[in-house]
1. With the requirement that a residue be of a type in the set (Lys, Arg) and within 16 Å of the ligand (Cβ to nearest atom), what does the stretch 9-39 give you?
2. I need the full set of residues from the stretch 57-93 which are touching an Asp or Glu at 6+ places or on another chain (Cβ under 6 Å) and either within 15 Å of the ligand (Cβ to nearest atom) or of a type in the set (Ser, Thr, Tyr) (or both), in order please.
3. Cβ-Cβ distance below 7 Å, separation of 6 or more or different chains: which pairs start in the stretch 185-207 with a residue that is touching a residue at least 24 places away in the same chain (Cβ under 8 Å) and end on one that is charged (D, E, K, R) and in a loop (DSSP other than H, G, I, E, B)?
4. When the stretch 129-147 is examined, which residues are found to be part of a loop (DSSP other than H, G, I, E, B) and among the β-branched types (Val, Ile, Thr)?
5. Taking the stretch 20-41 only, how many residues are closer than 18 Å to GLU72 by Cα and either surrounded by fewer than 17 Cβ atoms within 10 Å (Cβ to Cβ) or out of contact with any helix residue (DSSP H, G or I) (no Cβ under 9 Å at 6 or more places or on another chain) (or both)?
6. Select from the stretch 213-236 the residues that are more than 10 Å from the chain's Cα centre (by Cα), closer than 20 Å to LEU144 by Cα and among the small types (Gly, Ala, Ser) and list them in ascending order.
7. Hand me the list of helices (runs of 4 or more DSSP H) wholly inside the stretch 177-262 holding 2 or more residues that are acidic (Asp, Glu) and assigned by TED's automatic domain parsing to the domain that holds SER137.
8. If you take the residues in the stretch 103-156 that are near the ligand (Cβ under 10 Å from one of its atoms) and of a type in the set (S, T, N, Q), which one is surrounded by the most Cβ atoms within 10 Å (Cβ to Cβ)?
Amino acid sequence: MYTLGIDIGSSSSKAVLLKDGKERVSQAVIQVGTGTSGPARVIEETFGGLDITIEDMDYIVATGYGRFSVEEADKQISEISCHAKGIYYLYPTAHTIIDIGGQDAKAIRLDGKGNIGQFVMNDKCAAGTGRFLDVMSRVLEIPLSELGDVHFKATQWAFVSSTCTVFAESEVISLLSQGVSKENIVAGVHQSVASKACSLVYRVGVTDDIVMCGGVAQNKGAVDAIEKELSKKIIVAEDPQLTGALGAALFAYELCNRSKRS
Ligand code: ADP
């Protein structure tokens with residue numbers, strides 16, 4: 001049985017194709033999200049080189065901010081449920097999930113059996129999200145994928161506000177003009193994201209086995225700042241941008257089995 005999970009976010013489009021709910025046949029990430037060519041391209045890339053097409057899927061679940069735009073989907077499920085599903089499958093001992101995506105950040109508390117006990121979300125403001133880092137990467141003229149390495153060269157973390165992206169952008173420009181090193185500013189930017197993310201984590205409770213997913217989990221500097229803020233090691237999920245799509249593909253497998261039985 002083939003099932004497909006598609007996660008259409010604000011910043012990226014992701015897909016995972018599973019065989020029999022276990023074997024990962026294919027997966028893809030396109031770094032543009034809803035309202036762009038991303039959804040079509042992620043499907044094209046997922047099936048590129050395979051001798052099956054989307055028509056051969058037994059069940060398709062779409063998730064993410066743009067999930068209702070996926071016409072091929074049999075069902076839509078929220079990204080909170082899908083991230084929880086994907087993370088619990090990969091890390092059954094996970095108790096808390098931190099998911100930082102392009103335009104929101106979430107903390108999810110699991111009950112130890114994969115069920116969602118509680119979740120809190122910041123989606124009103126770009127501060128503390130991937131968008132904040134995208135803006136800072138542009139102002140600092142450092143590619144997003146290099147922010148992590150630059151972070152570890154900091155000698156003293158600069159202070160960067162976490163309340164507002166526009167305000168923080170002016171602060172960063174001001175720090176640059178004062179001659180503060182880019183390394184120290186980058187670390188301050190990560191600290192700003194961490195304090196926002198951790199304010200969500202404190203609300204659901206700091207537990208053992210905290211797993212981080214979402215695109216920002218690929219930024220080692222942001223992960224380091226969160227670990228320092230929580231005084232705890234966190235687990236970065238394998239392919240962190242894909243855990244929502246994985247969860248969607250797992251839901252698709254369960255739903256397809258259920259519909260065949262009934
Ligand atoms: P969404 O699901 O909301 O579209 P994602 O979970 O894909 O968002 O996360 C998007 C964010 O991930 C971007 O805003 C960016 O900050 C971050 N990101 C993406 N790729 C990388 C990378 N290679 N290194 C560091 N950060 C990244």
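1. As a first pass, look at the stretch 9-39 and keep what is of a type in the set (Lys, Arg): 14, 19, 22, 24.
Within the stretch 9-39, just LYS14 meets the criteria.
2. Correct list: TYR59, THR63, GLY64, HIS83, THR93.
3. Final answer for the pair search is VAL206/LYS232.
4. Here is the first cut: in the stretch 129-147, the ones part of a loop (DSSP other than H, G, I, E, B) are 129, 141-143.
Once the filter is applied, which keeps residues that are part of a loop (DSSP other than H, G, I, E, B) and among the β-branched types (Val, Ile, Thr), the stretch 129-147 yields THR129, ILE142.
5. The number of residues fulfilling the criteria is 6.
6. Of everything in the stretch 213-236, those that are more than 10 Å from the chain's Cα centre (by Cα), closer than 20 Å to LEU144 by Cα and among the small types (Gly, Ala, Ser) turn out to be GLY221, ALA222, ALA225.
7. Working: elements: 182-204, 220-230, 243-261.
Fully inside the stretch 177-262 and qualifying: 220-230.
8. Restricting to residues being near the ligand (Cβ under 10 Å from one of its atoms) and of a type in the set (S, T, N, Q), the top hit is THR129.
The values are calculated or read from the model by the stated rules, or taken from the named source; none is laboratory data. For clarity, every value in this text was computed on a predicted model and none was experimentally measured. Counting neighbours? That spans all protein chains shown, and the Cβs are built from the backbone with ideal geometry, glycine included.
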